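In what follows, a structure is listed as structure tokens, so that the remarks can point back to it.
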Amino acid sequence: MRDDVSTVSDRERLARVRLARTETVGPITYRTLLARYGSAQASLEALPGLAQRGGRRKPLRPPPAADVAADLDRLARMGGRLVTLPEPDYPEALAAIEDAPPVLSVLGHLHLLARPSVAIVGARNASTNGRKLARDLATALGRAGYVVVSGLARGIDTAAHGSALDTGTVGVLAGGVDVIYPPENAGLHARLAEAGALVSEAPCGAEPLGRHFPRRNRIISGLSLGVVVVEAARRSGSLITARLAAEQGREVFAVPGSPLDPRAQGANDLIRKGAVLVQDADDVLSELVRQTAPLADRARDAYTPPPGAPLLAEAELADARDRLLRAMSPTPSDVDELIRDCQLSAAVVWTVLLDLELAGRVERLPGNRVALV
């Protein structure tokens with residue numbers, strides 16, 4: 001989903017940010033609304049009625065235009081740029097994932113987001129050997145023309161970013177692009193803003209919270225053709241990134257380690273489950289060369305606009321709403337199965353689900369799934 005022109009009006013860009021930051025509008029619903037109403041401004045105007053129809057009791061209010069404008073001004077004063085989906089400057093690889101963030105704040109060199117990228121992630125408490133491997137991989141991949149993406153965390157992330165500064169590196173943050181985390185990476189944060197790029201979907205000044213990191217991880221994998229895991233415990237954010245990469249159709253690579261080292265158990269398990277074993281950068285490069293089609297071509301069907309809203313009486317919509325609510329549970333359900341089970345048309349189901357999500361009663365999930373909140 002891309003614009004045919006190189007720019008959008010300031011009014012529409014502001015409306016897109018307000019829409020994306022509205023309480024119950026997730027990334028998938030953002031795209032659904034744009035597809036249905038044609039613009040963010042028209043979507044904003046439709047929001048209150050849709051949410052009320054879905055059963056929301058208090059009014060659904062987007063953030064004030066003045067607050068969003070102040071955030072955009074703050075970013076601009078830092079030399080940053082805000083890119084919205086679907087602008088041409090929005091990275092194609094990231095746009096290809098179903099729950100692509102509607103809004104990206106970027107500090108540094110925006111053109112790096114258009115180049116082919118590989119993510120390198122791993123343990124925060126990395127070993128000396130793990131850090132060396134990350135540095136060697138980042139250097140070799142950079143020389144081969146790939147931008148290195150990571151999360152600016154301690155350990156492996158820091159090593160990878162530091163070795164790719166000369167060839168191109170992107171740091172994806174869980175908080176605002178102006179928020180330094182961890183504090184000891186203040187110098188690296190500044191160097192990425194100058195020589196690389198810093199990216200976040202959060203507003204300027206937003207502090208990183210625990211729940212933000214898994215969402216950050218989907219951007220790391222979404223920007224990349226593949227994810228290389230260097231040292232990861234069995235329960236780690238790096239494994240979340242690897243899982244998301246696989247779900248997004250990206251390659252997953254892992255560096256093996258000693259079974260006696262807990263930091264190697266996660267990576268070793270990935271290899272056992274089919275990840276490409278990596279001993280050096282050639283193992284990554286040879287696998288990426290085998291990709292037969294550009295990512296943008298392979299992912300054109302990642303998002304299919306839902307059917308248009310049917311013209312139904314309120315009684316018919318209420319009946320459909322009751323059927324869907326009875327059929328759903330907090331466990332995610334496939335939308336196609338709900339259509340069959342409830343014996344409703346796809347257009348009716350999508351319309352009702354949109355109303356329910358905006359009312360805060362349903363959560364839309366990647367993979368064409370929904371769940372009761």
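Readers should treat all values here as calculations from the given coordinates under stated rules, not as data from a laboratory. Just so you know, these numbers come straight off a predicted model, no measurement behind them. Cβ coordinates were reconstructed from backbone atoms using ideal geometry, including for glycine residues, and neighbour counts include every protein chain displayed.
List of remarks:
- Contact order normalised by residue count of the stretch 314-372, Cα under 8 Å, 6+ apart, percent: 42
- Label sites at Gln279 and Asp89, each approximated as a point 7 angstrom past Cα along Cα to Cβ, lie 4.5 nm apart.
- Estimated dipole of the chain in Debye, rounded to 20 [Cβ of Lys and Arg +1, of Asp and Glu -1, Cα centre]: 700
- Calculated from backbone phi, Karplus (6.51, -1.76, 1.60) coupling profile of the stretch 328-333 in Hz, x at Gly/Pro: 8, 8, x, 7, x, 10
- Mean-square fluctuations from a GNM of the chain, with a 10 angstrom spring cutoff on Cα atoms, peak among Gly360, Gly274, Gly257 at Gly274.
- Three-way shape label, the stretch 108-267, alpha-carbon gyration tensor, a/c 1.5: rounded
- Between the stretch 1-70 and the stretch 168-234, the alpha-carbon centres lie 26 Å apart.
- Computed magnitude of the charge dipole of the stretch 107-298 (debye, nearest 20; Cβ of K, R +1, Cβ of D, E -1): 440
- Ranking of Phe253, Phe213 by count of other Cβ atoms within 10 Å, fewest first: Phe213, Phe253
- Selected from Leu260, Leu173, Leu107 as most flexible by GNM, with the chain as the system and alpha-carbon contacts under 10 Å: Leu260
- Distribution of pairwise C-alpha distances over the stretch 314-372, 10 Å bins, in %: 24, 66, 10, 0
- FRET efficiency, Thr128 to Ala69 (Cβ-Cβ, R0 45 Å, nearest 0.05): 0.40
- Inter-part distance, the stretch 348-371 to the stretch 126-154, computed on C-alpha centroids, equals 39 Å.
- Farthest positive-ward along the stretch 18-128 dipole, Cα basis, beta-carbon charges - from Pro63, Thr84, Ala123: Pro63
- Using R0 = 41 Å, the C-beta based FRET efficiency linking Asp166 and Thr331 works out to 0.30.
- Each of Val149, Leu165, Gly176 was scored by the projection of its Cα onto the charge dipole of the chain, and the greatest displacement toward the positive side belongs to Gly176; charges sit on the C-beta of Lys, Arg, Asp and Glu.
- Residues in the stretch 4-46 reached by a label modelled at Glu247 [backbone nitrogen below 19 Å; 7 Å Cα→Cβ]: 25-32
- For the chain, relative contact order (Cα pairs under 8 Å, six or more residues apart, normalised by length) works out to 17 percent.
- Relative contact order (%) - criterion: Cα under 8 Å, at least six apart; region: the stretch 107-298: 21
- Highest mean packing comes first when the peptides 145-154, 42-51 are listed by Cβ atoms within 10 Å, giving 145-154, 42-51.
- Using alpha carbons only, the radius of gyration of the chain set against its Kirkwood radius gives Rg/Rh = 0.99.
- In a reduced charge model with +1 at each Lys and Arg Cβ and -1 at each Asp and Glu Cβ, the stretch 184-245 shows a dipole moment near 380 debye about its Cα centre.
- Sum of -39500 (n - 2.57) over DSSP H runs of 4+, divided by residues of the chain (222 nm, nearest 500): -13500 deg cm²/dmol
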